[in-house]
Amino acid sequence: MIFSAIGQLAAIVATSLFILALNWMNDPKTARRGVIAGVAGMLVAVLATWVQPLIVHHGWIVLAIAAGFVVGVPLSLVPLTAVPQRTALSHAFGGLAAGLVGTAEFFLGLGEGGGQLTHFRTAALTAEVILGFLTFTGSLMATGKLQEVKWIPQRPVTYPGQNFVNIGVLVIAIALGAMVTANPTAPWASQAFLAVAALSLLFGVLLIIPIGGADMPTVISILNSYAGLSAVAMGFALNNKLLVTAGALDGSSGLILSIIMCRAMNRSFVNVLFGAFGQVKVGAQATGEQKSWKQETVEGAAQLLEQARLVVIIPGYGMAVAQAQHKVRELYDALTKRGITVKFAIHPVAGRMPGHMNVLLAEADIPYTALVEMDEINPEMPQVDVALVLGANDVVNPAARYAKQTPIYGMPIIDADKAHTVLAVKRSKNPGFAGIDNELYVQDNTWMLFGDAKAVLGELVKQFSAGSGLH
Amino acid sequence: MIASAVQAAAAQATANSTGSTDYWSMLFVFVLATFIGLGVIRRVSRLLYTPLMSLTNAISAIAVVGSLVVTGADYPRVIRILGAVALFASMTNIVSGFLITDRMLKMFKK
């Protein structure tokens, strides 16, 4: 009785703390308080569960918790450029935990004669296992793609009938799950349940194979949502309200982020998951006369920057790959010291996960007040003297406004082309992720700087520190 | 007429809820929590989407509660092994999730 009260009270306290934690994330000034509230909520939840009389074996618990610390601490110290793959990996762990607990509970119920396996509970366990295991393998695939593991193809892999196969696998898994739900104690139920688990694991892999890097922000958000929903299903199965509330908070967070990411690419969920974006479409070449790039020297670029009053830097995944954020900071310092206003224009899907650019720039000590959202900066772009495009490509491609045959059509972009002068730092002369030429680079007022973002910026900064060499 | 129908429905509902789980109140909690989540997350600063994701990640590792029970209760060994692996996975998410969130948030300065 008293233990049941402890459990219920802990659920209320922990839920409140989790809501407060998320609430404090609305401002960078209060956000760290959110972490404290989250830790406190989790501590309350773990302790209140651990003291329950149901729990009699403590050795394995201590071991598993210790192992969690041993692996968790190093995982929290990865370089910030690796944060997308760490996030994907933690979604995998979350999915794995849900899938395993669901499987364990089902077989526990069977072993006890099936009396506990009501239709509702079996349905919840099936949902938990499907969501958990598909999140597990799907997130592992995403981790591999983000980490650029050799044996996982980076480019989307597509084949004829792919969507048919994917949806087929999922439908069979759900149908088997429904059969188990209808007859939880049938002699074939355990085999059918294992088949549901196996098909879900397979579906996770198949779902991510056709996804490319530029879609990762959306996919990571969707997987985040699934990880939350699998916790909700666990809550239904175990009759535990705390699991339901915490899972629902995570699920709704993933949902909102996916919606924002989809909107920023002008695409739908279905299109992201089943559209195989990123295939190079041959018909999408720009028509009309072929213009060519104009290359600029580092000295020339430094002069252009020095004569500017307002400079907007537009970072993209190229900045993350080159780990150029600290050089960006040096350039920022050099320019602001000369009285030049420098702002950063952040596209919602720049990088490989939501908020990726903000974190990298914050790491380099750039004040967050200088980071400006796309919608805020665009009206200002015609007054900008120099737009410095740093490893961004599709998010500044003017073709998104009118080229209906390209996959980026309709995607909101940062209006770099409206600045007086555009300087674009680009690693190679290849087209961007979507495989379309970027006409921004051949505009009359655009000058290209080819090379690794970090190296180019280093050269630029050197020009400024030579200082007196310029007028 | 209507009143008696309502009464009958209520009696039916009571009869159904004599089982161990009150599914309707669970569903109710889920829907309310989702609306609270949508309302709160909508107001999160756009600067902080990456730390938001690692924070919600740590919070959804609340699956630790289920894993604890499966690992520590007097269940068959195979079941408890599954639980221990799940507990390890959840604990990893809790530890790394909260630590990295704090590490990132520390860097956001004016």
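The values are calculated or read from the model by the stated rules, or taken from the named source; none is laboratory data. Owing to the predicted nature of the structure, the values given are computational and were not obtained by experimental measurement. When we count neighbours, we look across all protein chains shown, and the Cβ atoms used for this are built from the backbone with ideal geometry, even at glycine.
Residue under question is A:Arg86, and the condition is that it be among the basic types (Lys, Arg) and either over 27 Å from B:Val40 (Cα atoms) or surrounded by fewer than 22 Cβ atoms within 10 Å (Cβ to Cβ) (or both); does it hold?
Details: among the basic types (Lys, Arg): yes; either over 27 Å from B:Val40 (Cα atoms) or surrounded by fewer than 22 Cβ atoms within 10 Å (Cβ to Cβ) (or both): no.
No, not satisfied.
Would you point out which residue out of A:Gly102, A:Gly38, A:Gly34 is surrounded by 21 or more Cβ atoms within 10 Å (Cβ to Cβ) and either within 30 Å of A:Ala195 (Cα to Cα) or assigned by TED's automatic domain parsing to the domain that holds A:Met319 (or both)?
Working: A:Gly38 fails: either within 30 Å of A:Ala195 (Cα to Cα) or assigned by TED's automatic domain parsing to the domain that holds A:Met319 (or both); A:Gly34 fails: either within 30 Å of A:Ala195 (Cα to Cα) or assigned by TED's automatic domain parsing to the domain that holds A:Met319 (or both).
Going through A:Gly102, A:Gly38, A:Gly34 in turn, the sole match is A:Gly102.
Taking the options A:Phe107, A:Phe136, name whichever one is in a helix (DSSP H, G or I), aromatic (Phe, Trp, Tyr), more than 16 Å from B:Gly66 (Cα to Cα) and in the same structural domain as A:Ala248 (by TED's automatic domain parsing). Reasoning before the result, please.
Values: A:Phe107 fails: more than 16 Å from B:Gly66 (Cα to Cα).
Selected residue: A:Phe136, the only one of A:Phe107, A:Phe136 that is in a helix (DSSP H, G or I), aromatic (Phe, Trp, Tyr), more than 16 Å from B:Gly66 (Cα to Cα) and in the same structural domain as A:Ala248 (by TED's automatic domain parsing).
Considering the range B:45-101 alone, what residues qualify as being assigned to a loop (DSSP other than H, G, I, E, B) and either touching a helix residue (DSSP H, G or I) at 6+ places or on another chain (Cβ under 8 Å) or more than 7 Å from chain A (Cβ to nearest Cβ) (or both)? Please lay out each step first, then the result.
Start the filter on the range B:45-101 by keeping residues that are assigned to a loop (DSSP other than H, G, I, E, B), which leaves B:45, B:74-76.
Across the range B:45-101, the qualifying residues are B:Ser45, B:Tyr75, B:Pro76.
Looking at the range A:441-455 only, could you name the residues that are surrounded by fewer than 22 Cβ atoms within 10 Å (Cβ to Cβ) and under 29 Å from the mean Cα position of the chain (by Cα)?
Scanning the range A:441-455 gives A:Phe450, A:Gly451, A:Asp452, A:Lys454, A:Ala455.
Could you please find all residues in the range A:211-262 being part of a helix (DSSP H, G or I), surrounded by fewer than 24 Cβ atoms within 10 Å (Cβ to Cβ) and free of Cβ contacts under 8 Å to residues at least 24 places away in the same chain?
Once the filter is applied, which keeps residues that are part of a helix (DSSP H, G or I), surrounded by fewer than 24 Cβ atoms within 10 Å (Cβ to Cβ) and free of Cβ contacts under 8 Å to residues at least 24 places away in the same chain, the range A:211-262 yields A:Ile256, A:Ile259.
Among the numbered criteria (1) surrounded by 22 or more Cβ atoms within 10 Å (Cβ to Cβ); (2) of a type outside the set (D, E, K, R); (3) out of contact with any helix residue (DSSP H, G or I) (no Cβ under 7 Å at 6 or more places or on another chain), which single criterion is violated by B:Gly39?
Answer for B:Gly39: the failing condition is (1).
Let's see how each residue does on (1) in contact with a strand residue (DSSP E or B) (Cβ under 9 Å, 6 or more places away or on another chain); (2) assigned to a helix (DSSP H, G or I):
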site: A:Gly318; (1), (2): yes, yes
site: A:Lys327; (1), (2): no, yes
site: A:Ala334; (1), (2): no, yes
site: A:Lys343; (1), (2): yes, no
site: A:Val349; (1), (2): no, no
site: A:Arg352; (1), (2): no, no
site: A:Val359; (1), (2): no, yes
site: A:Asp375; (1), (2): no, yes
site: A:Pro379; (1), (2): no, yes
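Do the conditions hold for A:Phe107, that is, is it more than 20 Å from A:Phe236 (Cβ to Cβ), facing another protein chain (nearest Cβ under 7 Å), crowded, with 16+ Cβ neighbours inside 10 Å and not aliphatic (A, V, I, L, M)?
On the way: more than 20 Å from A:Phe236 (Cβ to Cβ): no; facing another protein chain (nearest Cβ under 7 Å): yes; crowded, with 16+ Cβ neighbours inside 10 Å: yes; not aliphatic (A, V, I, L, M): yes.
Criteria not met by A:Phe107.
For the range A:290-305, enumerate the residues that are under 16 Å from A:Ala419 (Cβ atoms) and outside any loop (DSSP other than H, G, I, E, B). Before the answer, list the steps.
Filtering the range A:290-305 down to residues under 16 Å from A:Ala419 (Cβ atoms) leaves A:294, A:296, A:301, A:304-305.
Those that are under 16 Å from A:Ala419 (Cβ atoms) and outside any loop (DSSP other than H, G, I, E, B): A:Ala301, A:Leu304, A:Leu305.
Tally time: how many residues in the range A:64-78 are within 7 Å of chain B (Cβ to nearest Cβ) and either of a type in the set (A, V, I, L, M, F, W, C) or over 13 Å from B:Ile94 (Cα atoms) (or both)?
7
Restricting attention to the range A:22-56, which residues are within 7 Å of another protein chain (Cβ to nearest Cβ), in contact with a Gly (Cβ under 8 Å, 6 or more places away or on another chain) and in a helix (DSSP H, G or I)?
Of the range A:22-56, the ones within 7 Å of another protein chain (Cβ to nearest Cβ) are A:22-23, A:25-28, A:31-32, A:34-35, A:38-39, A:42, A:45-46, A:49-50, A:54-56.
Now restrict to residues that are in contact with a Gly (Cβ under 8 Å, 6 or more places away or on another chain): A:22-23, A:25, A:49-50, A:54-56.
Across the range A:22-56, the qualifying residues are A:Leu22, A:Asn23, A:Met25, A:Thr49, A:Trp50.
Condition check: assigned by TED's automatic domain parsing to the domain that holds A:Trp447, within 19 Å of A:Asp452 (Cβ to Cβ) and buried (at least 16 other Cβ atoms within 10 Å of the Cβ). Does A:Ala320 satisfy that?
Details: assigned by TED's automatic domain parsing to the domain that holds A:Trp447: yes; within 19 Å of A:Asp452 (Cβ to Cβ): yes; buried (at least 16 other Cβ atoms within 10 Å of the Cβ): yes.
Spelling it out, A:Ala320 is indeed assigned by TED's automatic domain parsing to the domain that holds A:Trp447, within 19 Å of A:Asp452 (Cβ to Cβ) and buried (at least 16 other Cβ atoms within 10 Å of the Cβ).
Looking at the range B:56-69 only, could you name the residues that are of a type in the set (A, V, I, L, M) and either surrounded by fewer than 24 Cβ atoms within 10 Å (Cβ to Cβ) or touching an Asp or Glu at 6+ places or on another chain (Cβ under 7 Å) (or both)? Walk me through it before giving the result.
Let us first name the residues in the range B:56-69 that are of a type in the set (A, V, I, L, M), namely B:58-59, B:61-65, B:68-69.
Correct list: B:Ile59, B:Val69.
Working only within the range B:54-75, note down all residues that are of a type in the set (Gly, Ala, Ser) and farther than 10 Å from A:Gly94 by Cβ.
Just the residues of the range B:54-75 that are of a type in the set (Gly, Ala, Ser), to begin with: B:54, B:58, B:60-61, B:63, B:66-67, B:72-73.
Passing the criteria: B:Ser54, B:Gly66, B:Ser67, B:Gly72, B:Ala73.
Looking at the range A:371-384, is at least one residue more than 25 Å from A:Leu257 (Cβ to Cβ), β-branched (Val, Ile, Thr) and buried (at least 17 other Cβ atoms within 10 Å of the Cβ)? I'd like the intermediate steps shown before the answer.
Restricting attention to the range A:371-384, the residues satisfying the condition of being more than 25 Å from A:Leu257 (Cβ to Cβ) are A:379-384.
Of the ones still in play, those that are also β-branched (Val, Ile, Thr) are A:384.
Then keep just the ones that are buried (at least 17 other Cβ atoms within 10 Å of the Cβ); that gives A:384.
Yes: one or more hits.
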